[in-house]
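The values are calculated or read from the model by the stated rules, or taken from the named source; none is laboratory data. All of these numbers come straight from a predicted model, not from anything done at the bench. FYI the Cβ positions are ideal-geometry reconstructions off the backbone, even for glycines, and counts take in every protein chain you see.
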There are 2 protein chains.
Amino acid sequence: MSRAGGDGMRPELEFWFEFASTYSYPAAMRVEGLCAAADVRLRWRPFLLGPIFVAQGWNDSPFNIYPAKGRYMWRDLERICVRERLPLRRPSQFPRNGLLAARVVCAAGDAAWLPAFVRAVYQANFADDRDIATPAVLADVLMRLGVTAEPLLAAAQSTEVKQLLRAQTEEAIRRGVFGAPAFTVGEELFWGNDRLTDAVAWASAPAERLG
Amino acid sequence: MSRAGGDGMRPELEFWFEFASTYSYPAAMRVEGLCAAADVRLRWRPFLLGPIFVAQGWNDSPFNIYPAKGRYMWRDLERICVRERLPLRRPSQFPRNGLLAARVVCAAGDAAWLPAFVRAVYQANFADDRDIATPAVLADVLMRLGVTAEPLLAAAQSTEVKQLLRAQTEEAIRRGVFGAPAFTVGEELFWGNDRLTDAVAWASAPAERLG
């Protein structure tokens, strides 16, 4: 396996995201453009934070468990969204359950509409305050992308897709992911929206990497 | 009180740091230069993470309690130190107790050697693997700065200085600080070495702030 972790000629960046994760929102909105500009292949890797948090003894988002951290996060996210010119409306429910949306991504394979779907789900959650856990909201998101929702939502509930997402979450844990968003370039792990550009640079400029 | 939180003409940035904190190291090494370049006054604000962590139910650094987070942090810190051309040797003991060093800072008032002392203590801990909890190490650090150590180490153990550090930690909590390093500009809080330049920019360019 090459250092870049890809099987093709171009380096690959894997983007590990969870639809409930606040800081994954600005990362998801920018990752495709940044990778394209740097000629880096992008692999969308949805996973679930729930099992990771439970393993750490948390039954809720740490932003809810630790109020000072949560208050700070919302303000920090607001500053980031102003800078990135992204709409932000604090969701009336946090965290929302991203399970079904993550399964839809798994069911989508490498469909051309996948990046747009990911962004639209984040916007539904963090800009439009819609409950992304409900099939009706996801169906509406898919419809606006010109995708027939029913077969996808059905596939998302198949044993195969459920297992795929479970395996992906296990792989995330095995590769050291402990929060979202995360980026991997081969074995190199980057955590947080703040590391997005570092991760892309790492993938695109092997010569400048650490030894 | 002005938005910038300073009592003078120039905006003020308060730098909240804990000598045991890994990410405070690169922040401490850069904060004075960045503030000077932006014409921002800098106030050094040592505090203790211990009481904050205990209040969150942790009796150790979260980097020790959550091993995946800890492994990542050491690698991430390595990348940061390479980029900033800072020496880094992973301390044989982590976290080290920064209590005495923080008290020396409180005892120092606004002595001219204070910034150099802060940097030297971080280097002792994270570049030279010395035990900054011991008076002998701090005495050596002070001596190399041309400061007579004994009266300072004695003052650091005075009731007045102990109370000063305690009050500063309480103020940090009251102002929303939950980790180190942190930066405040008036009521605006920034957390983490990653936010150092944002905090300096916030202090120096009120016109570009959020409304």
List the residue pairs whose Cβ atoms are under 7 Å apart, where the first residue sits in segment A:47-69 and is among the charged types (D, E, K, R), the second is crowded, with 17+ Cβ neighbours inside 10 Å and outside any helix (DSSP H, G or I), and the two are 6 or more positions apart or on different chains.
A:Lys69/B:Phe178
Does at least one position in segment A:136-143 carry a residue that is assigned to a loop (DSSP other than H, G, I, E, B), without any contact (Cβ under 8 Å) to a residue 60 or more places away in the chain and among the small types (Gly, Ala, Ser)?
no
Could you list, ordered by first residue, the pairs with Cβ atoms under 6 Å in which the first is in segment A:75-93 and without any contact (Cβ under 8 Å) to a residue 24 or more places away in the chain and the second is surrounded by fewer than 16 Cβ atoms within 10 Å (Cβ to Cβ) and part of a loop (DSSP other than H, G, I, E, B), at least 6 apart or interchain?
A:Val82/B:Leu210
Would you check which residues across segment B:136-148 are surrounded by 13 or more Cβ atoms within 10 Å (Cβ to Cβ), in contact with a Phe, Trp or Tyr (Cβ under 8 Å, 6 or more places away or on another chain) and farther than 21 Å from B:Pro87 by Cβ and list them?
B:Val147
Which of the following residues is surrounded by fewer than 19 Cβ atoms within 10 Å (Cβ to Cβ) and more than 19 Å from the chain's Cα centre (by Cα): B:Ala155, B:Ala127, B:Ala116, B:Ala133?
B:Ala155
Since B:Phe190 meets every condition but one in (1) within 12 Å of chain A (Cβ to nearest Cβ); (2) out of contact with any helix residue (DSSP H, G or I) (no Cβ under 6 Å at 6 or more places or on another chain); (3) of a type outside the set (Asp, Glu); (4) free of Cβ contacts under 8 Å to residues at least 40 places away in the same chain, which condition does it not meet?
(2)
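Is one or more of the residues making up segment A:119-129 within 15 Å of A:Trp16 (Cβ to Cβ) and not in a helix (DSSP H, G or I)?
Going through segment A:119-129, the residues within 15 Å of A:Trp16 (Cβ to Cβ) turn out to be A:122.
Remaining after also requiring not in a helix (DSSP H, G or I): none.
There is no residue in segment A:119-129 that is within 15 Å of A:Trp16 (Cβ to Cβ) and not in a helix (DSSP H, G or I).
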Residue satisfying condition, being surrounded by fewer than 18 Cβ atoms within 10 Å (Cβ to Cβ) and within 14 Å of another protein chain (Cβ to nearest Cβ), within set B:Ala172, B:Ala201:
B:Ala201
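If we only count helices (runs of 4 or more DSSP H) wholly inside segment B:26-111, which ones have 2 or more residues that are away from chain A (no Cβ under 14 Å) and β-branched (Val, Ile, Thr)?
Numbers: elements: B:50-55, B:62-65, B:67-83, B:99-108.
Because the criterion is at least 2 residues that are away from chain A (no Cβ under 14 Å) and β-branched (Val, Ile, Thr), the helices (runs of 4 or more DSSP H) in segment B:26-111 that meet it are B:99-108.
Consider segment B:88-103. How many of its residues are farther than 18 Å from B:Val31 by Cβ and either modelled with pLDDT under 95 or not aromatic (Phe, Trp, Tyr) (or both)?
Narrowing segment B:88-103 to residues farther than 18 Å from B:Val31 by Cβ: B:89-97, B:99-100, B:103.
Now drop any that are not either modelled with pLDDT under 95 or not aromatic (Phe, Trp, Tyr) (or both), which leaves B:89-93, B:95-97, B:99-100, B:103.
Residues in segment B:88-103 being farther than 18 Å from B:Val31 by Cβ and either modelled with pLDDT under 95 or not aromatic (Phe, Trp, Tyr) (or both): 11 in total.
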Subset of segment B:175-187 that is outside any strand (DSSP E or B) and within 12 Å of chain A (Cβ to nearest Cβ) - its residue that is nearest to B:Arg83 (Cα to Cα):
B:Gly179
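Against the condition in contact (Cβ under 8 Å) with a residue 12 or more places away in the chain and either within 14 Å of another protein chain (Cβ to nearest Cβ) or among the small types (Gly, Ala, Ser) (or both), how does B:Leu152 come out, does it pass? Before you say what the answer is, go through the steps one by one.
Numbers: in contact (Cβ under 8 Å) with a residue 12 or more places away in the chain: yes; either within 14 Å of another protein chain (Cβ to nearest Cβ) or among the small types (Gly, Ala, Ser) (or both): no.
Here the answer is no, as B:Leu152 does not meet what is asked.
With the structure loaded, tell me whether A:Val161 is in contact (Cβ under 8 Å) with a residue 60 or more places away in the chain, part of a helix (DSSP H, G or I), touching a helix residue (DSSP H, G or I) at 6+ places or on another chain (Cβ under 8 Å) and not acidic (Asp, Glu) or whether it fails that test. Step through it out loud before you land on a result.
Details: in contact (Cβ under 8 Å) with a residue 60 or more places away in the chain: no; part of a helix (DSSP H, G or I): yes; touching a helix residue (DSSP H, G or I) at 6+ places or on another chain (Cβ under 8 Å): yes; not acidic (Asp, Glu): yes.
No.
Out of segment A:5-57, which residues are at pLDDT below 95 and out of contact with any strand residue (DSSP E or B) (no Cβ under 6 Å at 6 or more places or on another chain)?
Narrowing segment A:5-57 to residues at pLDDT below 95: A:5-11, A:50-57.
A:Asp7, A:Gly8, A:Met9, A:Pro11, A:Gly50, A:Pro51, A:Ile52, A:Phe53, A:Val54, A:Ala55, A:Gln56, A:Gly57, listed by residue number.
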